């Protein structure tokens, strides 16, 4: 093994700054955000962890790909939400998987799944482990003999490329950079860039309906899926490669978003594209977030379909170095492998003028790194790393995201911001709530809220839970979805259960029972164990 | 009741040409297609029908909205495939519904559904009755005490319009013209124009994943659905209005394409748009269908997203008066409510040049009616009416449609055309097979085949069945879907069952059983009765 991931936070072990570096970072950050201790804590090292003994012993035939080592079990105990990082940082591992399997191919996945199911164990498919909703956490209840986490990352190949149809057959464990590198050999790209891109996997994206690069049209991975192959405890579920179909209920749409409850996704044919060579981007300023939102509504209904259309409120623009807090910023971009996109950009900017938008320059994306758009991009990529430092320095950092129709948006934004701000103040004493749009639709935006607040050390989990509940209640009450692209997992269940149609829940549970009769697959996610 | 639909064919009774007019039409058509009798048959009149006695008697509370009249039962016995029209024309009504209900509102739909389910009867939701796949035909097997067809057409209102989000809440029984007229009062339009537009309904479109106006991006009704409300035998299944969501498996995507097996769709929030005011259209000629297909592939992968992009082969262009048989025709169009689309058209035409495309004129859509594009449009709209005359004059007329990836398309087109042509010749002695694209995707086209052949009077159903089986086998074997937008119904079941993942079929059957435990809803469609 070359590089190992940190067992408690974001990124590789060899990327973790030294304690002195963390201290320096904390000293720099604290005055900017207005809170956080100058003296950061240190994470509990791996050597000091004491995990409960594994309850399962893999059969000899699987021993070579199964691990019960503390590092493996710790790494696969959590996703990477704030709550996860706090617990892992503090060495709190109450529900580690008993065994972590690292299959090399689909046959080995099938063998592990069969063993788990036959043993009365739960089986949790695991890609990059970047879930922020408890999607891979082995909290499965009492009805299981143990938990086997199936890490798919050795299934990391682009198996076939169809350059005529622009599609590629890709294994589920391929990470963002891994699959992009292989596609680049053919001049192709998937261009699905969630914030977790560096570590998350294709299978995880499909299982959780991940949101990616494109702000319009292809917002979720869903629309890039041509066909999916999954292993259920009863065998293979594979759809036909088709550009489109109307043959009854879509089999793919039942697997997409199933979050590991129906099967282990092992590969998919994905729609890819040629690398864009024409680009235009601009940072458009608006006096207020509301004015920017009106411009984005007009853009979303214009049929121009910008690739990037991310509206950032004044507070978040300031926080990310993309503004001074006096204006909202719209990060606007078009790209194409086929044609010059300046005419599109001109129309889009023309639209912004009508809402008081102004901009200083327009140019190629490559040249924009020094400006506000570039600042924001850098902050976006750095955020998951920064969270580890926040935990160390006692800053509570949480995000929640949703989508809501335009008619409700102004009231939604006011009410949710106000209620969550009040909750943050009540729970933490102070703190800030900011908002941006990650994706936009003709009928509404996908707002994404960021919370930064002073944490009381040792009370972070309780503080997080209180704020999460306030935020989720506010989102649901004012017409949003409990998640636009972070998935449901275990953390969103109370609100997801109220949001979804009850009869759909019954139908989904019955569908699961038909392909996973022992309820082995990721119990507690989406559906309760029987 | 003002106008009545013909009980045996397309359109209203008052539109049916006189026998002399049919004879004149037959005399005109026969030399053009090369076969068909100069002396057409006459349909069996309603007064001569003798239907089996109804097996069900509605309770007094529902008597006012239920009918057992011969006209109602005959009208609801079939969809409008060639096979359906032949049977209805000949007065062959072996499986009429026992009762036809005409509820005025959702409460009445619920009452009818409850009565049907409690009576051990099957319940078939019925919109426009334009199915061409046996989707509304009461062939439900022996396990039922009778069949109640629930005609939704009295639920025909646009209930709410959200002009901010561009969405409208529309009842399922609204027909294309009915809902467009109501939306037009707000300057809005759904712009979903299947060939059946005049009679088919929103609920039918959603239940069958209908294909519409847009050749790219919004090809199926699926993507225009914001939320759906349906009645199952156990109660209401309604999703939240959301512009996008990633909260688990999509509840809407389970109802969309369920073809009346999971619930009776009663209304939906639909994404609408402002009426387009900018248009550009062109008819581009290519030397061959293959050259045109390569151009369409390039267009589909360009990111230009033409509204219309229908490639018609030389034979079909000639048949529809849109060509002389020496070239393929691409009907290309862009439209927008927001901006001039000539720049898009210029790029698209530039793309066509690279594949030998040529065109005579470009202009506004309104001015195009006299040219080849207009000829094709008129033929498209006339086709369902023409089929009635074909039946009368002994011309077998059948269509089948699919989608396939671009890498397979050349081989697919050659093999399917050849095999179906051979089957048509073997079964009918002569006849022609032509092809067009109805929709296109970056990864493949949706080819639509039309068959015209001399029918042997009295043997049409057997001839149809043989040709249908050959065509379906060829489509499946060469990588297509059994249907891109005509749905599965009962006619496509043998091939659909082989196409879909077997475990998905089990999951879907279990989902149905969870919401329709007596299996009352449209038995035999998608899923066999228990």
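The values are calculated or read from the model by the stated rules, or taken from the named source; none is laboratory data. A quick note: this is a predicted structure, and the numbers were derived from the prediction, not measured. Please note: Cβ atoms are built from the backbone with ideal geometry, for glycine as well, and neighbour counts cover all protein chains shown.
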Item to complete: For residues that are more than 14 Å from chain A (Cβ to nearest Cβ), surrounded by 24 or more Cβ atoms within 10 Å (Cβ to Cβ) and part of a strand (DSSP E or B), tally how many sit in region B:283-309.
Response: 3
Fill in: Close pairs from region B:1-15: first over 19 Å from residue B:42 (Cα atoms), partner assigned to a loop (DSSP other than H, G, I, E, B), Cβ under 6 Å, at least 6 apart
none
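Wholly within region B:170-261, which helices (runs of 4 or more DSSP H) include no fewer than the required count, namely at least 1 residues that are at pLDDT 95 or above and surrounded by fewer than 24 Cβ atoms within 10 Å (Cβ to Cβ)?
Per the criteria, B:176-184, B:251-255.
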Worksheet item: Among the residues of region B:324-358, which ones are under 30 Å from the mean Cα position of the chain (by Cα), farther than 23 Å from residue A:302 by Cβ and not in a loop (DSSP other than H, G, I, E, B)?
Response: B:328, B:329, B:330, B:331, B:352
Item to complete: Looking only at region A:227-237, decide whether some residue is within 9 Å of chain B (Cβ to nearest Cβ), without any contact (Cβ under 8 Å) to a residue 40 or more places away in the chain and more than 23 Å from the chain's Cα centre (by Cα).
Response: yes
Practice prompt. Looking for whichever is surrounded by fewer than 21 Cβ atoms within 10 Å (Cβ to Cβ), facing chain A (nearest Cβ under 10 Å) and touching a strand residue (DSSP E or B) at 6+ places or on another chain (Cβ under 8 Å) here; the options are B:506, B:407, B:443, B:516. Which one fits?
Written response: B:407
Worksheet item: Any residue in region B:466-477 that is surrounded by fewer than 23 Cβ atoms within 10 Å (Cβ to Cβ), in a loop (DSSP other than H, G, I, E, B) and more than 10 Å from every other protein chain (Cβ to nearest Cβ)?
Response: no
Worksheet item: Does residue B:113 count as buried (at least 20 other Cβ atoms within 10 Å of the Cβ), in contact with a strand residue (DSSP E or B) (Cβ under 7 Å, 6 or more places away or on another chain) and within 14 Å of chain A (Cβ to nearest Cβ)?
Response: yes
Worksheet item: Which residue out of B:240, B:209 is closer than 30 Å to residue B:6 by Cβ, touching a helix residue (DSSP H, G or I) at 6+ places or on another chain (Cβ under 8 Å) and at the interface with chain A (Cβ under 7 Å from one of its Cβ atoms)?
Response: B:209
Item to complete: Confirm whether residue B:280 is facing chain A (nearest Cβ under 7 Å), under 27 Å from residue A:300 (Cβ atoms) and crowded, with 24+ Cβ neighbours inside 10 Å.
Response: no
Practice prompt. Out of B:164, B:140, report the one residue that is in a loop (DSSP other than H, G, I, E, B), over 12 Å from the mean Cα position of the chain (by Cα), over 30 Å from residue B:300 (Cα atoms) and within 11 Å of another protein chain (Cβ to nearest Cβ).
Written response: B:164
Item to complete: Evaluate the following for residue A:433: is it more than 14 Å from every other protein chain (Cβ to nearest Cβ), assigned to a helix (DSSP H, G or I) and surrounded by 22 or more Cβ atoms within 10 Å (Cβ to Cβ)?
Response: no
Discussion item. For region B:18-37, check the following and say yes or no: at least one residue is closer than 21 Å to residue B:455 by Cβ, assigned to a loop (DSSP other than H, G, I, E, B) and out of contact with any helix residue (DSSP H, G or I) (no Cβ under 6 Å at 6 or more places or on another chain).
Written reply: yes
Item to complete: For residue A:317, state whether it is on the phi < 0 side of the Ramachandran plot, assigned to a loop (DSSP other than H, G, I, E, B) and away from chain B (no Cβ under 14 Å).
Response: no
Worksheet entry | Among (1) assigned to a loop (DSSP other than H, G, I, E, B); (2) within 27 Å of residue A:197 (Cβ to Cβ); (3) out of contact with any strand residue (DSSP E or B) (no Cβ under 6 Å at 6 or more places or on another chain), the one test that residue A:485 misses | (3)
Worksheet item: Could we say that residue B:501 is within 10 Å of chain A (Cβ to nearest Cβ) and crowded, with 23+ Cβ neighbours inside 10 Å here?
Response: yes
Discussion item. Please determine whether any residue of region A:67-90 is closer than 19 Å to residue A:263 by Cβ, modelled with pLDDT of 95 or more and assigned to a strand (DSSP E or B).
Written reply: no
Worksheet item: Does any residue in region A:454-482 that is without any contact (Cβ under 8 Å) to a residue 40 or more places away in the chain come within less than 6 Å, Cβ to Cβ, of a residue that is surrounded by 21 or more Cβ atoms within 10 Å (Cβ to Cβ) six or more places away or on a different chain, and which pairs are these?
Response: A:476/A:495
Fill in: Condition met for residue B:401 (within 23 Å of residue B:484 (Cβ to Cβ) and without any contact (Cβ under 8 Å) to a residue 40 or more places away in the chain)
no
Worksheet item: Would a scan of region B:250-261 turn up a residue that is more than 7 Å from chain A (Cβ to nearest Cβ), within 26 Å of residue B:129 (Cβ to Cβ) and without any contact (Cβ under 8 Å) to a residue 24 or more places away in the chain?
Response: no
